[in-house]
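The values are calculated or read from the model by the stated rules, or taken from the named source; none is laboratory data. The structure displayed is predicted, hence computed values, not measured ones. All Cβ positions, glycine included, derive from the backbone under ideal geometry; neighbour counts span all protein chains shown.
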Amino acid sequence: AKADGSGVFRAFETNVDRGLRDRRVLKQDLRAAIERNELKLFYQPQADASGEIHGFEVLLRWQHPERGLVPPAVFVPLAEESKQIDAIGEWVLTRASQEAARWPKPMQIAVNLSPVQLQNDGLPTFVAQILRETGLAPERLELEVTETALFDDFARANSTLQRLRILGVKIAIDDFGTGYSSLAYLQEFPIDKIKIDRSFISRVQENNRSAAIVRAIIQLGLTLGMKVTAEGVENEDQLNFLRGEGCPSVQGYLIGKPLPIGEYAHLVGG
Ligand code: C2E
Ligand code: CA
Ligand code: CA
Ligand code: CA
């Protein structure tokens, strides 16, 4: 290693210091990211039991000028802390709705909502406005919320979800089985779909318990008249298991990776 100034400095900087400095710098960069057009939407296909693609989950990426593609697990928490997530979330909803509205095939799009957005009283009004402006049929928009988001402020989250549902948009519960009191939520909240977390799917082959849990979640969802999507399907064995259990919808690298929509133009009829 070179003994230049920065090298010496770095040698004395702890990992914790560097982590904190990184977060501060990234937070500042994030403010300009929307204006500089650095945020990108990737689309991951979802297939029904026959293998046909019926929709896409919209996944946010940050194309940082120096760091390359920054994953949402890194910058979404920063955006939540610095209150930028509302603006970013509105940008995602707007862009994804504009995009889907011009597809020849009326596929569904699933957009992730931060717990912070769910606590924002203005969200349903914003969604209504986007639907009006883009002409997107409400039932084509699905909003994914986590159990943690519902846990934050039960009453407020519930009223926001009810108002969203009146608009005709769909509500999916994300990462199902990894949060608290999942079953209570299914009773209290207006949920249209359950997404079974990848951590269960990845173990269905080697672990009987995981297989039993997945089987039970599928039955629970179907019995309640909900849709069910299995997340993180990576191989044929997992897919065959899920099909055998009557899982109506699957998502994962086996079906397709998250990519810019141009890569999936053939699927949307474009
Ligand atoms: P998530 O909503 O659970 O999204 C699924 C994650 O699993 C995505 O990671 C996706 O790329 C990854 N994935 C999909 N299929 C497979 C597979 O077969 N194997 C494996 N190993 N991974 C798979 P990604 O895109 O890095 O997103 C991470 C999380 O960031 C998301 O988890 C979601 O919670 C959050 N996120 C993404 N986009 C947004 C957004 O627009 N707004 C908000 N608030 N959060 C977002
Ligand atoms: Ca999701
Ligand atoms: Ca998920
Ligand atoms: Ca997740």
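For this structure, a couple of remarks:
- Subset of the range 152-198 [closer than 21 Å to residue 214 by Cβ and of a type in the set (Gly, Ala, Ser)]: 172, 177, 179, 181, 182, 184
- Residue 104 more than 24 Å from residue 194 (Cα to Cα), loosely packed, with under 14 Cβ neighbours inside 10 Å and either in contact (Cβ under 8 Å) with a residue 60 or more places away in the chain or not basic (Lys, Arg) (or both): yes
- Of the set (1) within 16 Å of ligand 3 (Cβ to nearest atom); (2) more than 19 Å from residue 178 (Cα to Cα), all apply to residue 226 but (2).
Residues checked against (1) within 16 Å of ligand 3 (Cβ to nearest atom); (2) at pLDDT below 95:
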residue	(1), (2)
60	yes, no
68	no, yes
107	no, no
119	no, yes
126	no, no
136	no, no
143	yes, no
153	no, yes
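- Residues that are within 16 Å of ligand 4 (Cβ to nearest atom), part of a loop (DSSP other than H, G, I, E, B), at negative phi and surrounded by 17 or more Cβ atoms within 10 Å (Cβ to Cβ), drawn from the range 195-245: 197, 202, 231, 233
- Of residues in the range 68-89 being in contact with a strand residue (DSSP E or B) (Cβ under 9 Å, 6 or more places away or on another chain) and not β-branched (Val, Ile, Thr), the one nearest to ligand 2 (Cβ to nearest atom): 72
- Filter result for residue 234 (at pLDDT 95 or above and either of a type outside the set (Asp, Glu) or more than 16 Å from ligand 2 (Cβ to nearest atom) (or both)): yes
- Residue match in the range 176-194 (condition: at pLDDT below 95 and assigned to a strand (DSSP E or B)): yes
- Restricting 41, 113 to residues that are touching a strand residue (DSSP E or B) at 6+ places or on another chain (Cβ under 7 Å), without any contact (Cβ under 8 Å) to a residue 40 or more places away in the chain and within 30 Å of residue 247 (Cβ to Cβ) narrows the list to 113.
- Scan of the range 187-201 for residues that are farther than 17 Å from residue 142 by Cβ and away from ligand 2 (no atom under 16 Å from the Cβ), ordered by number: 187, 188
- The lone exception for residue 46 - which of (1) touching a His at 6+ places or on another chain (Cβ under 8 Å); (2) over 20 Å from residue 175 (Cα atoms); (3) assigned to a strand (DSSP E or B); (4) not hydroxyl-bearing (Ser, Thr, Tyr) it fails: (2)
- Just one residue in the set 96, 172 is more than 16 Å from ligand 3 (Cβ to nearest atom), of a type in the set (Gly, Ala, Ser) and modelled with pLDDT of 95 or more; that residue is 96.
- Single residue of the range 118-159 satisfying the filter (polar (S, T, N, Q) and within 25 Å of residue 259 (Cα to Cα)) that is surrounded by the most Cβ atoms within 10 Å (Cβ to Cβ): 146
- Taken together, the residues in the range 118-169 that are in contact (Cβ under 8 Å) with a residue 40 or more places away in the chain and not in a helix (DSSP H, G or I) amount to 7.
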